[in-house]
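A quick write-up on the structure given underneath.
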Amino acid sequence: MFTEGWRTAPSATPFPALARPGSLTKVKNMESVSTDHVAGLRRFNRYFTRRIGALDDHYLGQDRPLGEARLLFEIGDGASLRELRGRLGLDAGYLSRMAKALEAQGLVRLGAHPQDGRLRTIELTPAGRAEVAEQNRRADALAAGLLAGLTTCQRERLTEALGTARRLLRLAGLTVTRVDGAAPDARACLAAYAAELDDRFPEGFDPSVLVRPEEVSGDAGAFFVAYEEGRPVGCGALRSLGAGTGEIKHVWVHPDARRLGLARRILGELEQEAGRRGWTVLRLDTHAVLGEARAMYRSCGYRDIPAYGDNVYAGHWFEKRLPGPDVTGERPPGPEIPDERPPGPEIPDERPPGPDAADGD
């Protein structure tokens, strides 16, 4: 079965601009990254790749390097080469060469996509499925061997630490980009958002109340889409209410990208955009059933206010005053994104699937 998922933008390069030796790496919209942090991550990478045998051209003792082994694993029940290229961040030529090498070994079968003849597909042969099964058996044995020297408590600590590391690295790899309000990715996010609210709100949700493209474009406002490896995974809108006041609308995160802190990042981008426009007050509303959204907004400095507007889905209303325009040209800070999960109840971005910080309409 071949699936393409949402149509996506090209994947971002996995190699951001490098700083000069001994300097700080400046990352857009984030604080400077110290050389100690860079060195610590590189040190772990070197250690871990050696421990799992990633440097061996016979990964897991099989007759292929890690790249080909990972490609076999990712093919699953079948995929297009374009989908795999985006998922793995590979150069098209390199992926094609690996696919042809696996085909020559009788492990995969290349063909044309049944619905789109422009796409090339790849699927496992019976020999390929047997190879992946053996690969999984050996990988499990390797992982068990690495964990064998630890106590149960230590394994639990390590598993939790690995989960935290994965979440933070995913968050670091996400981008939040301003797009036209009529862009396909913007409307696709809004459609998914509306469908989710329709399922969650007792009274349902009418998508006709979504912001119109002209309300969130140009001087009237802005629309942001969050991307993970080229795939849209969240959105948020900003529109003018006049007299230096803006309104935040439709903050949403795809279920696959929740528990990362992405909703807070989107909120921060919207606040920064409002600051660049010289707006000093932001308002928003949310539905009565979205308790996790209210908790997040309050933790980000929004205070409850009396009702405003005529949104029939609104049950709670909020406002936040922003710093005045910064004469230095620096962007005002957005909501803090916690580095670790605080003790006690889970924070809004670290919760089970459901509308993530979705506003009331």
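The values are calculated or read from the model by the stated rules, or taken from the named source; none is laboratory data. Bear in mind that the values here come from a model prediction, so they are computed numbers and not experimental data. Methodologically, a virtual Cβ is constructed for each residue, glycine included, from the backbone with ideal geometry; neighbour enumeration extends over all protein chains shown. Areas reflect the complete protein model, heavy atoms only, side chains present, ligands, DNA and RNA absent. Shrake-Rupley method; radii C 1.70, N 1.55, O 1.52, S 1.80 Å.
For the range 203-231, the set of residues classified as in contact with a Pro (Cβ under 9 Å, 6 or more places away or on another chain) and either assigned to a strand (DSSP E or B) or within 16 Å of GLU271 (Cα to Cα) (or both) consists of PHE223, VAL225, ALA226, listed by residue number. Does the range 295-327 hold any residues that are open to solvent by 40 Å² or more (accessible area, probe 1.4 Å), not hydroxyl-bearing (Ser, Thr, Tyr) and not in a loop (DSSP other than H, G, I, E, B), and which are they? Residues satisfying the conditions are ALA295, ARG298, ARG303, ASP304, HIS316, TRP317, ARG321. For the range 232-268, a tally of residues being assigned to a strand (DSSP E or B) and of a type in the set (D, E, K, R) returns 3. A single member of ARG166, ARG137, ARG212, ARG200 is more than 18 Å from the chain's Cα centre (by Cα), more than 21 Å from LEU284 (Cα to Cα) and either open to solvent by 40 Å² or more (accessible area, probe 1.4 Å) or among the aromatic types (Phe, Trp, Tyr) (or both), and it is ARG137. Evaluating PRO65 against the criteria (1) open to solvent by 40 Å² or more (accessible area, probe 1.4 Å); (2) modelled with pLDDT of 90 or more; (3) closer than 30 Å to ARG265 by Cβ; (4) not aromatic (Phe, Trp, Tyr) leaves one unmet condition, (3). For the range 140-162, filtering for residues that are open to solvent by less than 80 Å² (accessible area, probe 1.4 Å) and either within 15 Å of ARG64 (Cβ to Cβ) or polar (S, T, N, Q) (or both) leaves 2. Among the residues examined, LEU282 qualifies as part of a strand (DSSP E or B), over 22 Å from ALA194 (Cβ atoms), open to solvent by less than 20 Å² (accessible area, probe 1.4 Å) and in contact with a strand residue (DSSP E or B) (Cβ under 7 Å, 6 or more places away or on another chain).
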